[in-house]
């Protein structure tokens with residue numbers, strides 16, 4: 001069965017193009033090779049490619065007629081898109097988190113790219129390579145995991161080392177830990193992001209303790225490794241990143257306590273006082289009640305964990321915002337809700353001028 005084809009009234013395509021879109025040409029099960037990504041788009045560029053639908057709204061023109069307002073995405077970024085015609089026929093054919101093939105024109109609107117869609121059809125999952133649509137770490141996951149194992153193996157406090165090794169050497173846990181993002185959207189929001197953030201945080205811990213006497217590095221590193229492991233169950237990441245039911249109902253801290261308590265229960269004579277300290281590291285690492293911490297940090301290692309976690313998250317979030325800012329002209333991003341301000345993107349780094357669009 002061919003997919004429904006929807007063409008705007010002002011678009012003209014020849015018979016061969018229409019045949020391909022209707023599916024009478026290549027088999028609709030054939031994977032569509034994606035060779036054009038959001039990061040590659042230029043002003044006044046006609047495009048024909050596939051995207052993941054990240055948001056979908058039906059809005060009204062001044063005339064009262066409906067139009068589609070979409071956010072489309074792939075592994076390189078997101079793009080605003082509008083479809084002005086045939087909305088009543090198009091709208092029921094796809095939903096958020098579906099893949100679609102579009103033809104249209106990229107233009108600049110209010111200093112950022114916007115796609116006007118002339119033609120659209122939904123795609124079957126078998127037509128796309130999922131790796132093209134989901135951001136992932138640029139670093140080698142296995143290399144990062146081996147480095148984290150080395151850090152854990154150097155922990156001298158045997159119960160803590162045994163706890164962490166029981167997690168990382170659990171094949172099911174390790175597979176999820178290597179794949180999961182660290183957040184839905186704010187920081188390290190890409191596949192492999194949880195591992196990347198955890199390793200980065202461990203490195204920060206080892207650097208900072210050199211400046212403060214008496215800090216228990218083994219305990220601090222344990223907190224760094226387990227502080228976000230509940231994300232493997234809090235977040236769903238088979239399509240767009242979203243929350244699981246238990247993630248929405250419980251949150252990652254509760255899920256982390258469950259995971260850690262299960263592993264501790266399997267370790268003979270794990271010290272009760274050490275268990276309580278690890279639990280406190282988990283439930284206090286957001287640092288403030290308004291940020292979701294049921295407890296505030298009550299000893300130096302807990303305070304350091306909170307501050308370094310916040311540092312690593314915020315720096316990477318800011319870097320991501322600067323990398324993906326859609327504004328075409330100027331040295332400033334739009335107002336950013338996470339930071340509560342626009343961000344400056346005109347600073348020279350590594351001796352090079354900041355990247356600007358033509």
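Taking the stretch 28-41 as the range and being more than 18 Å from residue 190 (Cα to Cα) and either assigned to a strand (DSSP E or B) or at pLDDT 90 or above (or both) as the test, the residues that pass are 36, 41.
In this structure, is residue 338 more than 22 Å from the chain's Cα centre (by Cα) and either in the same structural domain as residue 161 (by TED's automatic domain parsing) or in a loop (DSSP other than H, G, I, E, B) (or both)? Here the answer is no, as residue 338 does not meet what is asked. Given the condition under 28 Å from residue 130 (Cβ atoms) and not in a loop (DSSP other than H, G, I, E, B), answer yes or no: does some residue in the stretch 208-231 qualify? Yes, the stretch 208-231 contains a residue that is under 28 Å from residue 130 (Cβ atoms) and not in a loop (DSSP other than H, G, I, E, B).
Residue-level check: of (1) assigned to a helix (DSSP H, G or I); (2) modelled with pLDDT under 95, residue 201 misses just (2).
Restricting attention to the stretch 79-133, the residues that are under 26 Å from residue 237 (Cα atoms) and in a loop (DSSP other than H, G, I, E, B) total 9. Please tell me if residue 4 is touching a helix residue (DSSP H, G or I) at 6+ places or on another chain (Cβ under 8 Å), loosely packed, with under 14 Cβ neighbours inside 10 Å, modelled with pLDDT under 50 and outside any strand (DSSP E or B). So residue 4 fails the test.
Taking the residues in the stretch 318-343 that are modelled with pLDDT of 85 or more and farther than 27 Å from residue 196 by Cβ as candidates, determine which candidate is surrounded by the fewest Cβ atoms within 10 Å (Cβ to Cβ). Filtering the stretch 318-343 for residues that are modelled with pLDDT of 85 or more and farther than 27 Å from residue 196 by Cβ, the one surrounded by the fewest Cβ atoms within 10 Å (Cβ to Cβ) comes out as 335.
Please go through the stretch 272-317 and give me each residue that is free of Cβ contacts under 8 Å to residues at least 40 places away in the same chain, in a helix (DSSP H, G or I) and surrounded by 14 or more Cβ atoms within 10 Å (Cβ to Cβ), ordered by number. Passing the criteria: 275, 279, 280, 283, 284, 303, 306, 307, 310. Taking the condition surrounded by 18 or more Cβ atoms within 10 Å (Cβ to Cβ), touching a helix residue (DSSP H, G or I) at 6+ places or on another chain (Cβ under 6 Å), under 26 Å from residue 289 (Cβ atoms) and in contact (Cβ under 8 Å) with a residue 12 or more places away in the chain, does residue 195 pass? Criteria not met by residue 195.
A single entry from 89, 172 fulfils the requirement of being within 20 Å of residue 228 (Cα to Cα) and exposed (fewer than 14 other Cβ atoms within 10 Å of the Cβ): 172.
Please indicate, with yes or no, whether at least one residue in the stretch 40-52 is surrounded by fewer than 20 Cβ atoms within 10 Å (Cβ to Cβ) and closer than 30 Å to residue 201 by Cα. For the stretch 40-52, residues surrounded by fewer than 20 Cβ atoms within 10 Å (Cβ to Cβ) and closer than 30 Å to residue 201 by Cα: absent. Just one of the listed residues (65, 91, 78) is without any contact (Cβ under 8 Å) to a residue 40 or more places away in the chain and within 28 Å of residue 126 (Cβ to Cβ), namely 91. Taking the stretch 232-247 as the range and being out of contact with any helix residue (DSSP H, G or I) (no Cβ under 8 Å at 6 or more places or on another chain) and in a helix (DSSP H, G or I) as the test, only 245 passes. The residues of the stretch 31-46 that are touching a strand residue (DSSP E or B) at 6+ places or on another chain (Cβ under 6 Å) and closer than 19 Å to residue 326 by Cα, listed by number, are 36, 37, 38, 39, 41, 43, 45, 46.
The values are calculated or read from the model by the stated rules, or taken from the named source; none is laboratory data. Remember, it's a predicted structure, so these values are computed and weren't measured experimentally. A quick note on method: Cβ atoms are made from the backbone with ideal geometry, for glycine too, and the neighbour counts reach across all protein chains shown.
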